[in-house]
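Working notes, structure below.
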Amino acid sequence: MLKTRFAPSLTGYLHLGHVLHMLYVWGIARAQGGKVISRIEDHDLSRNRPEYEPAILTDMQWLGFVPDLGISATDAPKPSPYRQSDCAPRYEEALRFLAEKGLVYGCECSRKEILAKQPEGREEPCYPGTCAKKNLSLEGHTVRVRVPAGEVAFRDLARGECHQTPAIQCGDFSLRDRNGQWAYQFCCVCDDIHHGVNLVVRGEDILSSTARQIQLFLALEHEPPNYFHHGLLCDADGQKLSKRQRSESITQLCEDGVSAEEIIGRAAFAGGLVSESVPMSAESISENVAVLLRSTPRTLSHSVEQRL
Ligand SMILES: [Zn+2]
């Protein structure tokens, strides 16, 4: 059975971009008779604010996106196996597993030191492996995973064949910082394994980090899920919609008297799922997305290849 997830962080209110994302998540799940898990991604305690959780869950429910499993407006226990801030033991156990295999090491480099070693004009810093052989303790240091050399090839369900080489893109990346804060990629992968997620739906803005997630699945000796990367909402100038550019949160739109159906219609139109902005329910657009996705392979045979 297909299992996918909607996994908001607690760094702000839901906006139209989230609504488009939910249309894809629920649409694909419904099209394939699958289930949607709702998970709170608040692993980074310095950036997340717990007060956003009830606001996000209420907005989801109001819009009509009801998860089959996980945290919802009517079921949000504390602690929960679907809230990252409650799941540190899960990440610690996975880290122990990697440590026993010799796949992680402690790193004492500061961000400044790493940036100083980058060639001019590089967008994403690549860790040069400075501490790979120092045998530093994992406690009190950044913990990095040893990234295998070579290319990862995978077939994205929306974009087709993709090729990425994490060893060149980012090098040995961090799983936990020196203050004990877990990293996004690591929590995500541990949770997806724990929750049995076999399809990950993401925005195309983070497509470039997919191969490193796949390498983490393989390091944890688990089959990677399928991936589906969708386009993002853009404003009239073709810029990605962000909270900075448009403060129209769903909470605010609701307070302004805009209906859930209107908001969904706007998101579906802005995302190119329908040809005009007309009010529609979460349920009906799920059907529309399902029609659009008929070409998506029904079977979940995945194709991931690690080329060394
Ligand atoms: Zn280092």
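Annotations
- Cα-based radius of gyration of region 71-134 once divided by 2.2 N^0.38 Å, which approximates compact folds: 1.70
- Near-label residues of region 57-82 by backbone N, under 19 Å of a point 7 Å along Cα→Cβ of GLU255: 57-63
- Coil-residue GluC sites (Glu not before Pro) of region 1-108, DSSP, other Cβ within 10 Å capped at 16: GLU51, GLU108
- Tally of Lys pairs whose C-alpha atoms are under 19 Å apart, taken over the chain, 8 or more apart or cross-chain: 5
- Förster-model FRET efficiency, 22 Å R0, ARG122 and ASN179, C-beta, rounded to 0.05: 0.30
- As computed over the chain, the Cα convex hull volume per residue (Å³): 141
- Stokes-Einstein diffusion of region 38-117 at 37 °C, 0.692 mPa s viscosity, Kirkwood radius from Cα pairs, rounded to a whole number: 213 µm²/s.
- THR142 exposes around 10 Å² of accessible area when a 1.4 Å probe is run over every protein chain in place.
- Of the trypsin sites (Lys or Arg not before Pro) found in region 1-101, the ones in coil according to DSSP and having at most 13 other Cβ atoms within 10 Å of their Cβ are ARG47, LYS101.
- Dimensions (Å) - region 106-264, Cα atoms, principal axes, largest first: 60, 34, 31
- Within the accessible area of the chain (1.4 Å probe), percent carbon and sulfur: 49
- Taking each residue as 0.36 nm, the span from LEU136 to GLU204 lengthens on full extension beyond its C-alpha to C-alpha distance by 20.9 nm.
- Antiparallel DSSP beta bridges within the chain, as percent of all bridges there, nearest 5: 60
- Taking every protein chain into account, the accessible area of the chain amounts to 48 square angstrom per residue (probe 1.4 Å).
- Gain upon complete extension [SER46, MET1; 0.36 nm per residue less C-alpha separation]: 12.6 nm
The values are calculated or read from the model by the stated rules, or taken from the named source; none is laboratory data. Note that this is a predicted model, so its numbers are computed, not measured. Positions of Cβ are generated from backbone atoms using ideal geometry, with glycine treated the same way; all protein chains shown enter the neighbour counts. For accessibility, only protein heavy atoms count, side chains too; no ligands or nucleic acids. Shrake-Rupley method; radii C 1.70, N 1.55, O 1.52, S 1.80 Å.
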